[in-house]
Amino acid sequence: MDSDNINSRGLNSQPKYSYGGGSASRFQVPDDKVEWIEDFEDYQPVEFVADVLKSTPPPIWADPADPSSIASEFNTGLRASHHGEYQVEDNRPQNPVGRTGMSNRGCLGKWGPNHAAGPLVVRYKPEDNSVLQFVAITRKDTGQLAIPGGMVEFGTSVSETLKKEFLEETQNLLEKSAAEKAELEANVADLFANPTATLYQGYLDDPRNTDHAWMETTVTLFFDADGSKTADLKLQAGDDASQVCWADMTDDLELYANHNDFVELAKNHILGGGKKGRGKLRRRAAKVGDDS
Ligand code: RP5
């Protein structure tokens, strides 16, 4: 059965999310009780706020603990969802896909949508050009392979975030001198000035999602068809990444969250194949009211 919020309900076979060293469990939500319209009288989500959000004042990237002061901003501007208007109950935005077994924000900074951006940089494998490869990181938090990416901070754009996260996680930009930074930025300028396609914008089945805070992402494809724009890239992990590599885009990849779907979309886009990944994501979008 194709059900939603698999990672968001903690039902995956992936490593359990550690919430910055703390641990948290979720109330078990059966497949047929995910959608809010289904009665679930016994539902008792676990209220959880990670320690990192509890400092006074809260971290710069986080909302106040009490959402009442920002309630008028929900469904507007940077707090809007890609899936249309979400419900707000008792000043808490409601996850548009459904129940997750956890209430409050978990370890996410924002109430409601937490917007991210992920650059999918793809080339043909130099030793075998029947194989596509993408720049993959190993995440420090779960140890899983993933598409690079990060949060779109208020005041920055998706395109800035795509380049910034790529440079920080795959080029270790934060540890470089000013001269080295300038060289690294120049090295990717052409690649990032010419995105191939926006592959996806919307809800992400991320293990950090809760009933009141969830990830949405923009995944952008940068396909270097002749290898010229990535020839000089020297991969070096940094920031949230412990490792970085060119990973073969094989069918048996096991990536963080539902990043596999985006690799599938990229393969279909480049190779003009079937609509497998696209269809799955379309069903998710349809369920939350956006069939684009
Ligand atoms: C994933 O988390 C997104 O796809 C994005 O890559 C990433 C953003 O979170 P951090 O890497 O900043 O934790 O859901």
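The values are calculated or read from the model by the stated rules, or taken from the named source; none is laboratory data. Every value quoted in this text rests on a predicted model; they were computed, and no experiment measured them. With ideal geometry, Cβ positions are generated from the backbone for all residues, glycine too; neighbour counts draw on all protein chains shown.
Looking only at segment 169-184, how many residues end up being within 15 Å of Gly238 (Cα to Cα) and in a helix (DSSP H, G or I)?
8
Out of Leu145, Leu167, Leu162, I need the residue that is over 14 Å from the mean Cα position of the chain (by Cα) and either under 17 Å from Ala189 (Cα atoms) or modelled with pLDDT of 95 or more (or both). Which one?
Just one listed residue meets the conditions, Leu167.
Out of the residues in segment 170-180 that are more than 22 Å from Ile60 (Cβ to Cβ) and in contact with a helix residue (DSSP H, G or I) (Cβ under 7 Å, 6 or more places away or on another chain), state the one that is farthest from the ligand (Cβ to nearest atom).
This residue is Lys176.
Is there a residue in segment 186-198 that is more than 30 Å from Asp90 (Cβ to Cβ), assigned to a loop (DSSP other than H, G, I, E, B) and under 20 Å from the mean Cα position of the chain (by Cα)?
yes
Quick one: in segment 26-61, of everything that is basic (Lys, Arg) and surrounded by 13 or more Cβ atoms within 10 Å (Cβ to Cβ), which residue is modelled with the lowest pLDDT?
Arg26
Report, ordered by the first and then the second residue, all pairs with beta carbons closer than 9 Å, sequence separation of six or more or different chains, a first member in segment 129-151 that is on the phi > 0 side of the Ramachandran plot, and a second member that is among the small types (Gly, Ala, Ser) and more than 11 Å from the ligand (Cβ to nearest atom).
Gly143/Ser242
Can you say whether Glu216 is surrounded by fewer than 17 Cβ atoms within 10 Å (Cβ to Cβ), touching a Gly at 6+ places or on another chain (Cβ under 7 Å) and not β-branched (Val, Ile, Thr), as far as the supplied structure shows?
In short, no.
In segment 72-93, which residues are surrounded by 16 or more Cβ atoms within 10 Å (Cβ to Cβ) and either in contact (Cβ under 8 Å) with a residue 40 or more places away in the chain or among the hydrophobic types (A, V, I, L, M, F, W, C) (or both)?
Listed by number, the residues that qualify are Phe74, Ala80, Ser81, His82, His83, Val88, Arg92, Pro93.
If we keep just the residues of segment 124-169 that are more than 10 Å from the ligand (Cβ to nearest atom) and among the small types (Gly, Ala, Ser), which is farthest from Tyr203 (Cα to Cα)?
Ser130
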